[in-house]
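These notes concern the structure reproduced below.
The values are calculated or read from the model by the stated rules, or taken from the named source; none is laboratory data. What you see is a predicted model, and the numbers here were worked out from it, not measured in a lab. For neighbour counting, all protein chains shown are included, and Cβ atoms are generated from backbone atoms with ideal geometry for every residue, glycine included. With ligands, DNA and RNA removed, areas are computed over all heavy atoms of the protein, side chains included. Shrake-Rupley method; radii C 1.70, N 1.55, O 1.52, S 1.80 Å.
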Amino acid sequence: MSDVTKEQVVQALRQVQDPELRKDLVTLNMIKDIQIEGSKVSFTVELTTPACPLKAQIQKDAENAVLAVEGVETVDVTMGANVPVDKKIENLTIKNIIAVGSGKGGVGKSTMAVNLAVALADCGAKVGLMDADIYGPNVPTMMGVEALPPTPQGKKIQPAEAYGVKIMSIGFMVTPGQPLIWRGPMLHSAIKQFLMDIDWGDLDYLIVDLPPGTGDVQLSLAQTVPLSGGVIVTMPQQVSFDDAARAVSMFKKLEVPILGVVENMSYLEMEDGSRRRIFGEGGGENLARVAGAPLLASIPIDEKVREGGDLGGPVVVKDPESPGAKAMIAMAQSVAARMSMEARQ
Ligand code: ADP
């Protein structure tokens, strides 16, 4: 029996596609470090995000393809990830900046931003969360952090950290209970400072929780940050075409690719398994159509989600088996996959 060669392994892996990027793993340059010892083969598959929804499938496909090579008896596949860099982001150690916005308040925008950040970090990504919601900076409460740690002398400002996510919030800069009054220039310099003067370290993703709405404040704020992609959160009520169009046009004006739409509070799961659509239906789909972007997820109404927010323990890690958490973990994977696809273009 002849020895297994590297060429045979590479050839076999040419048959394995990344179902999302629709190319084979070799063409995508994802195969690293092939080692062959007799009948034993090992290699690494380097994905474009550690939060890849198809990680397990790709691993199995790669393993099976190489097991089919004559002479191979065992295959050891290590799954790695190297998140591609958005070239728009200069002078920062951040690879991608993803904004979470909504046409109006109270739709669960901050809840989505928080759970998106925590779910990505839980997958092994390096994640930061910047709370730019001047009207209701809820991120500190939802993440269970009260203040920034002290800044060591002569060093950059240290972000707070919880659940593996680095956090900066406009809420850290005001006294609790005091209304926030930010004038344009002040707001801009604060946000610029958040970006430049905070010691974020290396980040795969910085998630930005934008203020709700699509007016001038949101537009100019979003202009201050080099955004790689935007996620729009909405609810199932039939949004008017005008509302939808405004939410979409904000990102379009900024030339920020819309990664997709998340519909929150889509349904309530009943004990018999049926779904009650308390807030109607169709809002997410309509908005996605107007945006020309996918509806990435429909998140159920789940009291565990609200509890997690109130108690400062995001549900995706506190109760990952709850329906709300499962849907948000899938949402985070879809956002990461869409970001990878955008970044490769
Ligand atoms: P926004 O940022 O859009 O103003 P929030 O994220 O603050 O909205 O959410 C508003 C309220 O709704 C919070 O109390 C939050 O816990 C709750 N909430 C959000 N999404 C859900 C959900 N899917 N199920 C139950 N409660 C939710």
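In terms of accessible area, using a 1.4 Å probe and ignoring ligands and nucleic acids, R277, R22, R338 rank largest first as R22, R277, R338. Gain on full extension, evaluated as 0.36 nm per residue between S39 and R306 minus their Cα-Cα distance, stands at 90.9 nm. Toward the positive end of the charge dipole of the range 10-94, with +1 on the Cβ of Lys and Arg and -1 on the Cβ of Asp and Glu, the farthest Cα among F43, L92, Q17 is that of L92.
Rounded to the nearest 20, the size of the Cβ-charge dipole of the range 6-81 about its Cα centre is 200 debye, with Lys and Arg at +1 and Asp and Glu at -1. Dipole of the chain computed with +1 at Lys/Arg Cβ and -1 at Asp/Glu Cβ about the Cα centre; of Y267, Y135, G324, farthest Cα towards the positive end is Y135. Counting only protein heavy atoms and using a 1.4 Å probe, the accessible area of S322 comes to about 10 Å².
Looking at the chain, the DSSP beta bridges with both ends there are about 25 percent antiparallel. Among V85, V233, the sequence by solvent-accessible area, most first, with a 1.4 Å probe is V85, V233.
Backbone amide hydrogens, once placed in the peptide plane, bring E46 within less than 5 Å of I31, K32, G80, excluding anything fewer than 5 places away on its chain.
Where is the GNM fluctuation largest for the chain (alpha-carbon springs, 10 angstrom cutoff): T151, T111, T49? Comparing T151, T111, T49 in a Gaussian network model of the chain, the most mobile one is T151. For the range 6-81, the alpha carbon positions stretch 33, 18, 17 Å along the principal axes, listed from largest to smallest. A 1.4 Å probe run over the protein chains yields, for the chain, 47 Å² of accessible area per residue, whole-number rounding. Under the simplified labelling scheme, the M173-E285 pair shows an inter-label distance of 4.2 nm, with each label point 7 Å from Cα along Cα→Cβ.
Computed from label points 7 Å out along Cα-Cβ, the spacing between N64 and Q237 is 4.7 nm. Helix 184-196 versus the longest principal axis of the chain: what angle, 0 to 90°, nearest 10, using Cα atoms? So the helix axis and the longest Cα principal axis differ by about 30 degrees.
In whole Å, how far is the Cα centre of the range 1-70 from that of the range 309-345? Using only Cα atoms to place each centre, the spacing works out to 27 Å. Dipole size of the chain about its Cα centre, with +1 on Lys/Arg Cβ and -1 on Asp/Glu Cβ: approximately 980 debye, rounded to the nearest 20.
Of all the options V217, V208, V118, the one that moves most in a Gaussian network model of the chain with Cα springs shorter than 10 angstrom is V217. Probe radius 1.4 Å, ligands and nucleic acids ignored: give me the carbon and sulfur share of the accessible area of the range 6-81 as a rounded percent. Of all accessible area on the range 6-81, carbon and sulfur atoms account for 41 percent. Here the calculated FRET efficiency for K104 and R275, from their Cβ-Cβ distance with R0 = 22 Å, stands at 0.35, rounded to the nearest 0.05.
Against the main long axis of the alpha-carbon atoms of the chain, helix 109-122 sits at an angle near 30°. The stretch between R14 and T151, if pulled fully straight at 0.36 nm per residue, gains 44.3 nm over its current Cα-Cα span. Residues in the range 24-55 near a label at T74, defined as backbone nitrogen under 15 Å from the 7 Å Cα→Cβ point? Residues 35-43 fall inside that zone.
Once you mark the GluC sites (Glu not before Pro) that are in a DSSP loop and have at most 12 other Cβ atoms within 10 Å, what is the longest gap between them in the chain? By the stated rule (loop sites, at most 12 other Cβ atoms within 10 Å), 147-254.
When the chain is treated as a Gaussian network with alpha carbon springs shorter than 10 Å, the biggest mean-square fluctuation among P294, P152, P257 belongs to P152. Ligands, DNA and RNA left out, the 1.4 Å accessible surface of the range 94-344 is 50% carbon and sulfur atoms.
Computed extension gain for K318 through R22, at 0.36 nm per residue and net of the alpha carbon distance, reaches 103.1 nm.
Given R0 = 22 Å, the distance between the Cβ atoms of K88 and K192 translates into a calculated FRET efficiency of 0.90.
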